[in-house]
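Just below is one structure, and these are the notes that go with it.
The values are calculated or read from the model by the stated rules, or taken from the named source; none is laboratory data. For clarity, every value in this text was computed on a predicted model and none was experimentally measured. Here the Cβ positions follow ideal geometry from the backbone for every residue, glycine too, while neighbour counts run over all protein chains shown. Accessible surface is based on the protein model in full, side chains and every heavy atom, while ligands, DNA and RNA are left aside. Shrake-Rupley method; radii C 1.70, N 1.55, O 1.52, S 1.80 Å.
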Amino acid sequence: MITLTDLTKVYRTEEVETTALHKLNLTVKEGEFVSIMGTSGCGKSTLLNIIGLLDAPTSGSYQFAKEEVSKYSEKQRALVRKANIGFVFQNFNLIDELSVYENIELPLIYNKVPSSERKKRVNEILERVGIAHRAKHFPLQLSGGQQQRVAVARALVTNPKLILADEPTGNLDSKNGNEVMELLAELHASGATIIMVTHSSYDAQFSSRIVMMKDGEIISEKTNTRDIDVLVQ
């Protein structure tokens, strides 16, 4: 699904040039759950932004679903992103004035999905993430774990090819965080492709592969063999 070749990202100001990514190579297959780890400033968030088509590389190749997207304009990236990628953020990014149902429905409205289809999809995804009983509530009436479930539902409702999660448990206590990781593990088991940035070694154990970064480069990769059933008990 994703092939990055010699990917480089350089940020320049009048006085400073900072290399965030340096000739990075990475392949993610459809159906994988990949965790990206590393210390703060290693480039993992920059990498996620480029994979999510929120930013463009300075040089190198980025193929998404066999399509070269590295040179796309901001408008072209937005079109591919809207049609293919769902995002889950550390801070939930829910709209407080909208109900749970309305928050989840919003990307479908942006995508001009008909009303009857929107209702069907939202209700299905509410059931899938176990939050249907909170459909009429507002974000501030929910626990952190429930808010993140809403954010996951919003990411899934457009049926994206790829889910990107940026520190999805970073603002949660261990109980709520574990519930969110169990949900992501379930989604992966049902065939979802997930790339997650995390500082948590525990959370990373839910993924099928762990990629370690340092100074804008990948320094190691390992396949996870830990039994997920043990983690979710």
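The strands (runs of 3 or more DSSP E) located wholly in the stretch 149-233 that include 3 or more residues which are surrounded by fewer than 20 Cβ atoms within 10 Å (Cβ to Cβ) and of a type outside the set (Ser, Thr, Tyr) occupy 209-214, 217-223.
Count of the stretch 5-35 residues, restricted to those that are closer than 20 Å to Pro160 by Cα, open to solvent by less than 60 Å² (accessible area, probe 1.4 Å) and part of a strand (DSSP E or B), is 4. Put simply, of Gly31, Gly43 the only residue that is under 19 Å from Val211 (Cβ atoms), in contact (Cβ under 8 Å) with a residue 60 or more places away in the chain and out of contact with any Leu (no Cβ under 7 Å at 6 or more places or on another chain) is Gly31. Exactly one residue out of Val129, Val80, Val100 is open to solvent by less than 50 Å² (accessible area, probe 1.4 Å), over 27 Å from Lys23 (Cα atoms) and at pLDDT below 95: that is Val129.
When each of Ile50, Ile95 is tested for being part of a helix (DSSP H, G or I), touching a residue at least 40 places away in the same chain (Cβ under 8 Å) and either of a type outside the set (S, T, N, Q) or surrounded by fewer than 21 Cβ atoms within 10 Å (Cβ to Cβ) (or both), the lone residue that passes is Ile50.
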